[in-house]
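Visitor: Below you'll find the structure I mean.
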Amino acid sequence: MLTTPIAAKIIAVGLDGVAHEVSDISEVIGMDGNFAAEVVKERDEIELEKEVFDQVKKGEKKVDEKLVLAEEIEKGHVSWKAINLFVKALGGKFPFLFMAVWVGGQFLKEGLGMFSVWFLGFWGKQYQEYDPSEVSTTQ
């Protein structure tokens with residue numbers, strides 16, 4: 001019942017899908033006995049939580065209320081332990097094999113990218129040097 005103090009209108013939707021506008025919370029509580037029981041139960045729980053919170057608040061000592069403590073910050077440095085842990089997590093029992101395959105894959109990807117650009121240029125240059133009817137498209 002968090003919104004009861006600020007709610008201007010309450011709209012109840014019946015099981016048949018028809019919306020009924022109700023302007024007061026007491027009318028809604030009066031219509032549905034289950035809802036009224038839930039409201040009473042929630043209010044009791046909220047009061048109990050307030051009491052417990054107040055008791056805990058009274059019993060606790062005044063503490064330094066900082067949430068963040070000063071810490072050492074290293075910028076631009078990753079330790080070998082962190083890299084080793086990362087590689088072992090990815091590579092399992094064979095981290096060096098994994099790294100070799102990964103580095104090889106990166107070189108292959110970049111090499112194929114460069115080759116495709118070169119080949120497109122080579123093929124396009126054929127149209128400048130020869131008559132377009134003489135250029136073979138099945139090379």
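Visitor: Just check the stretch 10-59 against the gyration tensor rule for me: Cα atoms, a ≥ b ≥ c as the square roots of the eigenvalues, rounded for a/c under 1.5, and otherwise prolate or oblate depending on whether a/b exceeds b/c.
Guide: prolate
Visitor: State, to one decimal in nm, how far the label point of F35 lies from the label point of L48, with both points 7 Å from Cα in the Cβ direction.
Guide: Those two pseudo-labels are separated by 2.4 nm.
Visitor: Return the FRET efficiency for the residue pair A7, K58: r is the Cβ-Cβ distance, R0 is 25 Å, and the value is rounded to the nearest 0.05. List each step's numbers first, then the result.
Guide: Details: r = 33 Å, r/R0 = 1.33.
My answer for the efficiency is 0.15.
Visitor: What dipole magnitude, in Debye to the nearest 20, does the stretch 80-134 give about its Cα centre under +1 on Lys/Arg Cβ and -1 on Asp/Glu Cβ? Working shown, then result.
Guide: Values: 5 positive and 4 negative charges, 153 e Å.
Value, rounded to 20: 740 debye.
Visitor: I need the shape label for the chain. Rule: rounded when a/c is under 1.5, else prolate if a/b > b/c, else oblate, with a, b, c from the alpha carbon gyration tensor.
Guide: Cα axes put the chain in the oblate bin.
Visitor: For labels at A19 and K75 in the simple 7 Å Cα→Cβ model, what's the distance in nm?
Guide: Each label point is offset 7 Å from its Cα along the Cβ direction, giving 5.4 nm.
Visitor: Using the Cα centre of the chain as origin and beta-carbon charges of +1 (Lys, Arg) and -1 (Asp, Glu), tell me which of M99, S26, I6 is placed farthest towards the positive end of the dipole.
Guide: M99
Visitor: Any chance you could give the angle, 0 to 90 degrees and rounded to 10, that helix 95-129 forms with the longest Cα principal axis of the chain?
Guide: 60
Visitor: Taking the Cα centre of the stretch 32-134 as origin, sum charge times position over the Cβ atoms of Lys and Arg (+1) and Asp and Glu (-1), and report the length of that vector in debye to the nearest 20. Intermediate results must be reported in sequence, preceding the final value.
Guide: Numbers: 14 positive and 19 negative charges, 157 e Å.
So the magnitude is around 760 debye.
Visitor: Need the list of lysines near K58 for cross-linking: C-alpha distance under 20 angstrom, and skip anything on the same chain fewer than eight residues off.
Guide: The qualifying lysines are K50, K66.
Visitor: Taking a point 7 angstrom from the Cα of Q128 along the C-beta vector, which residues in the stretch 92-122 have backbone N less than 20 Å away?
Guide: Answer for this model: 114-122.
Visitor: Something else now. Please give every one of the aspartates and glutamates within straight-line cross-link reach of K9, meaning a C-alpha to C-alpha distance under 13 Å, and leave out same-chain neighbours fewer than 8 residues apart.
Guide: Of all the aspartates and glutamates, those that pass the test against K9 - Cα under 13 Å, at least 8 places apart if same chain - are E21, D24, E27.
Visitor: To the nearest 20 Debye, how big is the dipole of the stretch 10-59 about its Cα centre, given +1 on the beta carbon of each Lys and Arg and -1 on that of each Asp and Glu?
Guide: On the way: 5 positive and 13 negative charges, 60 e Å.
Around 280 debye, computed over the stretch 10-59.
Visitor: Tilt of helix 80-91 relative to the longest C-alpha principal axis of the chain, in degrees (0 to 90, nearest 10)?
Guide: So the inclination is approximately 80 degrees.
Visitor: With a ≥ b ≥ c taken as the square roots of the eigenvalues of the C-alpha gyration tensor of the stretch 75-139, please select rounded if a/c is under 1.5 and otherwise prolate if a/b is larger than b/c or oblate if it is not?
Guide: Numbers: a/c = 8.58, a/b = 3.30, b/c = 2.60.
It is prolate, given that a/c is not under 1.5 and a/b is the larger ratio.
Visitor: Got the relative contact order for the chain handy, in percent, Cα pairs under 8 Å and 6 or more residues apart?
Guide: 8
Read-outs: derived from the displayed coordinates by stated rules, not from any lab. From a predicted model like this one, the values you see are computed outputs, not experimental measurements. Note: ideal-geometry Cβ built from the backbone for every residue, glycine included; neighbour counts use all protein chains shown.
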